[in-house]
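Data block below; observations after.
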Amino acid sequence: MNYRSPLVALLLLLGGVHRARGEKENAIVFTMPHDGWATVAIDDANGRRVRNLFGDLHFTKGEHAVEWDGRDDDGNPVPPGDYRWLGLHRDAMHALYRGSFQYGNPPWLYGSTGGWLADHSSATAVAAVGDRVLLGSNEAEDGHGLVSSDLDGHKQWGVRWLAKRAWAGAEALAVVGERVFANSYLEQNAVWEVDPVTGKSWLVMEKTDLPSDQTNTEPRPPCTFAPGLRVIGGHQGADGTNGELYVVDLFGKIPRTYVFSLGKSGEKLKLQRVLPVRPWGVAWLPDGRCVAALENSIAVLDTSTGETKPLVSDGLSAPYAIATDAKGRIYVSDQGNTGMHRFTSDGQMPWRALRLNGESSQQIKIFDAKGRQLRAIGLKGGRQPGHIDPNSFWQPGGIAVDARGRLWVTEFTTSPKRVSVWEIPNDLAATAPKLTQQFLGPAMYGGGAAMIDPTQPWRVIDTNYGVIFDVNLTNGSYQATDLPWRAYDSWKEHAYQPDLPFMGTPGVVFPLDGRRFTACQGGYGHGAQAHWEPEQFNGTGPVMIGEYKDDKFVPEAAIGNLRTWMRNRELECRREEQWMPPVILEAARKLPAWPKYAAQMHIATDASDVPHSIHPRNSGIWIANPWPKEISGFLWTDANGDGRVQTDEIQFHEIPDAETVTLDHQLNAYMPVRKEHGGGVYRLQRSGFNAIGAPVYKWDNLTKVTDDSFNVDQVGDDGSMLSFGALHSAQGKLLWSYPINPKGLRELGPAKRAVTYPGHVFRINSMQGVAQGPGDLGPVYMLHSVDGMSYFLTRNDGLFIATMFRPYAFGDNWDTIPEAKAGMELDRYTVGEECFNGHFARAEATGQGFEKGHYYLLGMGRSAVVELTGLNSVQRFSGGTLKLVAGVGLFGKGGRLDPGAAAAQIASTGDHPKPGPLIAPSVIPKTDAFRGEPAQFASATVWPAWDKRGLHLKWSVTGDDSPFINNEPDWTLAFTTGDAADLQIKSPTLGRCRFVITMNAGQPVVVRLRYDAADSSQGVTYKSGVAETRVPLVEKLSIPVGVRRTKDSYNVQLTLPWDLLGIDPKPGLSVPFELGAFYSDPTGHKTAIREYWHSGVSGMVSDVPTEARPTDDWGTLQLQ
């Protein structure tokens, strides 16, 4: 971020910066060798950081003097005396796009055509309709849960969600003639019709529409994702009539498949009959027979009675989807062993649980119309850890045959996310099917990537899913080459192993003695991987340590706290497997004190599991019946080289409740403990290696480094411990600190422009890498803000270097870039809110477009490779002494002077001053109704007025390059996607009401949300993976709205009748009130900023349930 404001003139007004006049007291004198940016900090005589005076300010070439006001970073005066100053200067720095390793043109969500599918799930569904193919991902927080592609893989359109349901992508698709139907993740219990040309969707059936005597009524299992309705196929008669859709209920003991007849597009489905069968999929052969994929077989299904006749009884492990082609061939995705589903002992089917019956197939199997197997596509047993063979599958899911006769295959796995296309020859006996295309990605929400080893910078690992990509920046190509480890992710129910029950994916290399060690995140897979750091690991589960051997990760040790691990198991509550792995429980039962520990947990000494219960979201970290603290510490070292945990390889010990583990480059472990849990930082020294080369740890080597509590994100070779904004010595002594504001755009309100002050750091999510800097600069590290900025500082002395990228509220959105051009500059863009992960690294080798000594940023939600230029220009000032003299210059005068704030021409941050009541004047005939003082906030001005007709309002919004656009087809969700005016009022009779004025289908609309109404069929539940908001009544009102647009502004005017407001108007009446304005990205598909008049809060723009809630910080509207 390059600041070119007239700094010297500004600070002369404040008495802070001037050309050198010979004064030495209270001033730092330095010489800029060229125009550029500078940073200065002040230490006391003992080397302790006193003040970070300014960072990243622009100065002209020549000598300058900056006066210090004698205050520390907290604004407290420091005593006069001798101090030392240090600093650095640099040329311009730029972020240049070099490439990406996920599919899409461009490979990010540009409107409806860029990007590829959704963040939280892989492609799960595919359907071929005419000259296009539809692809679905069942769960989307960001990205598109449903896309249309031409037959060559060029995206035609994408929609984020199916109508009326947040996060609802397409889990399965079914085609009836030219019509397409979908269901979302199964607990939605609903079916949508989708227009394949436009992507518009209609909710056409919910389970509540079914007769009560034809539905399973067992209590739903206590898990977040319970089973439900799934579309499995459809059929239309040869004359184009008699279309029927088949929907299976995967819930309950009684098998039921519902057959619906079709009305006009968008109309409710009509139930015709219920079949006593539960297929995974159905398809029709050219001779009219219906074939069904059953639990372990293929059968011919009588669609009138539900009776089945075996067609294929042998050679199938666990069929999932089924399709047919014009030649009468039958295609089945055959999972097995680690497939998608299984039924539990009580007849339930947990979502994405393991289906263990039968051997693992992981293939697409092809049969003729008589049931004879013609071919199998893919390696038997599926894609295993190690080198990735593109001719293999893992959890093959939806399949479809397109108009060219090619087979499209989705895979439920995220390692990697893949859609593949296969050429099917006429003579399958003579020629095998051939892989012709594959589409990879996208990254997880906030997802990231890392340079696994700087000596091979082109090998980049997806830090969420553990896939290693070979990236070639020279020609723009990329390949998923290796899967070192199949991660156990409890959120997604993947790869559970009772004798190696640790989670996470391996990351960057810790080189030691010629070996390539690494570690895996220990927390619950989805959450821990969403907050990835290179050297700190989430400790809410044992952190697994091992090494890369060729193309595989080999586990060798683990360190953790079993009490904090129980948080994960309780948070999930999704599987039948026991919570405490049997091998750990068996080892604990061998302890002499086990009877005492069992009594503490109120279990028998021979109990097969530990107590567990449903975990309410947002509750504390500790479970109701915790594992005993005396044996909470867990160590495992592999003694025999089998890579599995045995009871005699486990050590227990009492340790504090640490939540993270950080490794130094000797594989010593550091565990910080929060103050409320006892405080301190603990160090567990590695004891060496055992006979098989595994790192050995012993609890006898656990020492408490310091009683102080601070986070440890990286440890240097000298044992110094780096956190976001501080460095402590190996003994825990504070060496320097840099102020970091925990607030961000959401919390700062109108003061949010403070995030653009030079040298100011806000709302850090993670430390994303440490790399050796140029010359004598020493190591440089990168911090990333949830608000979209990246900060760079020197590690050893905490000097601020630069800010790259812009805050999400002010910068141009990366997703508005229409084309991916290598070398394009990204300085003015934001990586977006909640872009959690990335990696900062320095290449130590040249190859495939990477250059030795160059700096790179990787990941950032778009699987991007960005080169950071200009960092090699950073040099140190020689520094010097500074005598602070009382009574001279700014010493003791006024408050703390912030040169960065002055340079940005913005006042220092502070609490948002709450506006007084907004006065609505009564309308006087033949005069301007809007003659009163308006509400003003950010770029919006709103005038109120009133008379007996209603409350009159006029919004004027400026500085909007895409004025008043909103391309969300579902008006119940229009407040999430584009420009809108927002009015909230607490009515004396109707309670809390919200009026959203926006565009829908090219016309202005007014949507009212009533939060205190009785629940109704017009209510909407806004859900995400982390929250839920129920609005009892959501309705579109018939109110005229006037809209006038210019190139970069718009006016909106309307009158809200008093009965819709629930108000009896009279002069002097005051009501709780709030006004807002939302700003779209240029495509009208995503809200970029939300501004409010009274609360001043920039509302959350990436979580629908939060966006759907009313304010809890009301202003006042008063009728004059």
If R₀ is 60 angstrom, what is the calculated FRET efficiency for the pair Arg404 and Thr1021, using the beta carbon separation as r and rounding to 0.05?
0.90
Once normalised by the length of the chain, the mean sequence separation of its alpha carbon contacts under 8 Å that are 6 or more apart gives a contact order in percent of 11 percent
Pairs beyond 30 Å (Cα-Cα), from Lys698/Lys733; Lys752/Lys821; Lys752/Lys948
Lys752/Lys821; Lys752/Lys948
Could you tell me which of rounded, prolate or oblate describes region 918-1119, using a ≥ b ≥ c as the square roots of the eigenvalues of the alpha-carbon gyration tensor, with rounded for a/c under 1.5 and, failing that, prolate when a/b is larger than b/c and oblate otherwise?
oblate
Expressed as a whole-number percentage, the relative contact order of region 730-842 with C-alpha contacts under 8 angstrom and at least six residues apart is 23 percent
Hey, can you rank 422-434, 551-563, 696-708 by average C-beta count inside 10 Å, highest first?
551-563, 696-708, 422-434
Pulled fully out, how much extra length does the chain show between Glu1035 and Gln479, if you take 0.36 nm times their separation in residues and subtract their Cα-Cα distance?
195.3 nm
Between Thr989 and Asp718, what length in nm is gained on full extension when 0.36 nm per residue of separation is reduced by their alpha carbon distance?
90.8 nm
Distance between modelled label sites at Ser313 and Val885, nm, 7 Å Cα→Cβ extension
10.4 nm
Hey, which of these cross-link pairs are over 29 Å Cα-Cα: Lys155/Lys380; Lys309/Lys365; Lys629/Lys1023; Lys270/Lys370; Lys1023/Lys1047?
Lys155/Lys380; Lys629/Lys1023; Lys270/Lys370; Lys1023/Lys1047
Which of the listed residues, Gly243, Gly716, Ser1016, is farthest toward the dipole's positive end in the chain, when Lys, Arg count +1 and Asp, Glu count -1 at the beta-carbon?
Ser1016
Taking P(r) over Cα pairs in 20 Å bins from 0, in percent as the quantity of interest, determine which of [x] 9, 27, 32, 22, 9, 2, 0; [y] 11, 38, 37, 12, 1, 0; [z] 10, 30, 24, 16, 12, 6, 1, 0 was computed from the displayed structure.
[y]
Extending each Cα 7 Å along its Cβ direction at Thr305 and Thr927, get the distance between those two points in nm, one decimal.
8.5 nm
Given the DSSP H assignment, sum -39500 (n - 2.57) over each helix run of at least 4 residues in the chain and divide by its residue total; what's the result at 222 nm in deg cm²/dmol, nearest 500?
-1000 deg cm²/dmol
Within the chain, which DSSP H helices have Cα atoms that stretch 20 Å or more along the helix axis and a mean Kyte-Doolittle hydropathy of at least -0.5?
none
For the pair His94 and Asp827, the simple spin-label estimate (label points 7 Å beyond Cα toward Cβ) gives in nm 0.8 nm
Once you sort the root eigenvalues of the Cα gyration tensor of region 103-440 as a ≥ b ≥ c, which label holds: rounded (a/c under 1.5), prolate (a/b larger than b/c) or oblate (the other case)?
rounded
Residue farthest toward the positive end of the dipole of region 776-836, with Cβ of Lys/Arg at +1 and Asp/Glu at -1: which of Pro807, Val786, Asn796?
Asn796
Rounded FRET efficiency, nearest 0.05, which uses the C-beta distance separating Thr869 from Gln600 and R0 of 60 Å
0.55
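Every read-out reported here was derived from the displayed coordinates using simple, explicitly stated rules and does not represent laboratory data. These numbers were taken from a predicted model, which means no experiment stands behind them. Methodologically, a virtual Cβ is constructed for each residue, glycine included, from the backbone with ideal geometry; neighbour enumeration extends over all protein chains shown.
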